[in-house]
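The values are calculated or read from the model by the stated rules, or taken from the named source; none is laboratory data. The model shown is predicted, which means the values in this text are computed figures rather than measured ones. We place every Cβ from the backbone using ideal geometry, glycine too, and count neighbours over all the protein chains shown. Calculation scope for accessible area: heavy atoms of the full protein, side chains included, ligands and nucleic acids excluded. Shrake-Rupley method; radii C 1.70, N 1.55, O 1.52, S 1.80 Å.
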Amino acid sequence: MYDALTSSYTFACPRRGETSVRLSAFRQLERLPGAAHPAVYRVRFECSCGDEHLGLVTHGDLDCAPLGLGEEGVFLNLMTDRLEAVDTEFAELAARHIQAGEWPWSFFCYPEEIARPIFPSSFRLLAPGSRTGSVGIAVRCPSCSRVSVNLVSPQHVDLPFVNDAEIGVVEHLFTQDVSTTLEEFSAALYSGEFDARRLSLE
Ligand SMILES: [Zn+2]
Ligand SMILES: [Zn+2]
């Protein structure tokens with residue numbers, strides 16, 4: 001499902017049989033109701049064949065696989081900043097990064113005016129940004145549950161522990177339900193009204 005060497009996910013493509021995409025090619029993530037162990041997300045992604053398709057990913061594939069962690073027995077505790085019940089080399093490496101104050105993924109929460117650590121499961125919408133090579137992300141804040149839109153580099157999304165020093169932030173308060181804010185998201189992304197914020201996690 002996730003290949004750490006290419007930092008990409010494998011999905012079915014109706015034209016090519018199989019396709020490989022990075023996180024930044026995801027367009028929409030939606031947690032499916034019901035399934036809890038593990039939680040399952042429906043992902044709409046942009047395929048290299050030119051179309052968008054739907055695929056399913058588990059919570060573990062989304063948040064743990066890019067860190068080199070398996071799904072079982074892994075719990076990265078955001079509250080205590082500790083990686084618990086894991087003993088692989090990757091996990092230790094990830095734990096060292098985290099103890100040094102580096103987070104696998106982060107975003108800038110506009111309502112709270114603060115940079116916060118997140119996991120890919122906090123991404124809701126992604127789209128090519130207005131600046132060449134940029135990616136617009138709508139993130140649901142794990143702390144305040146509100147949605148912020150940031151403009152980042154693809155590496156910021158695709159590679160754990162690679163965080164842009166400075167990112168673009170849309171100064172707009174989004175409604176809670178992201179599915180109804182798809183238009184709002186697109187409008188904000190192409191408005192060009194981004195403000196630069198430093199992404200330092202204290
Ligand atoms: Zn395809
Ligand atoms: Zn927040």
Within the stretch 40-60, residues being surrounded by fewer than 19 Cβ atoms within 10 Å (Cβ to Cβ) and in contact (Cβ under 8 Å) with a residue 60 or more places away in the chain number 0
Residue pairs qualifying under the 9 Å Cβ cut-off, at least six apart or on distinct chains, with the first in the stretch 4-33 being farther than 16 Å from P154 by Cα and the second being among the acidic types (D, E) and open to solvent by 10 Å² or more (accessible area, probe 1.4 Å), are T10/D3; T10/E18; F11/E18; A12/E18; C13/D51; P14/D51; R15/D51
A careful count of residues in the stretch 18-35 that are modelled with pLDDT of 95 or more and open to solvent by 50 Å² or more (accessible area, probe 1.4 Å) gives 3
Is at least one residue of the stretch 168-184 closer than 28 Å to L67 by Cα and modelled with pLDDT of 85 or more? yes
Worksheet entry | Test: residue in the stretch 153-162 that is within 16 Å of ligand 2 (Cβ to nearest atom) and open to solvent by less than 10 Å² (accessible area, probe 1.4 Å) | no
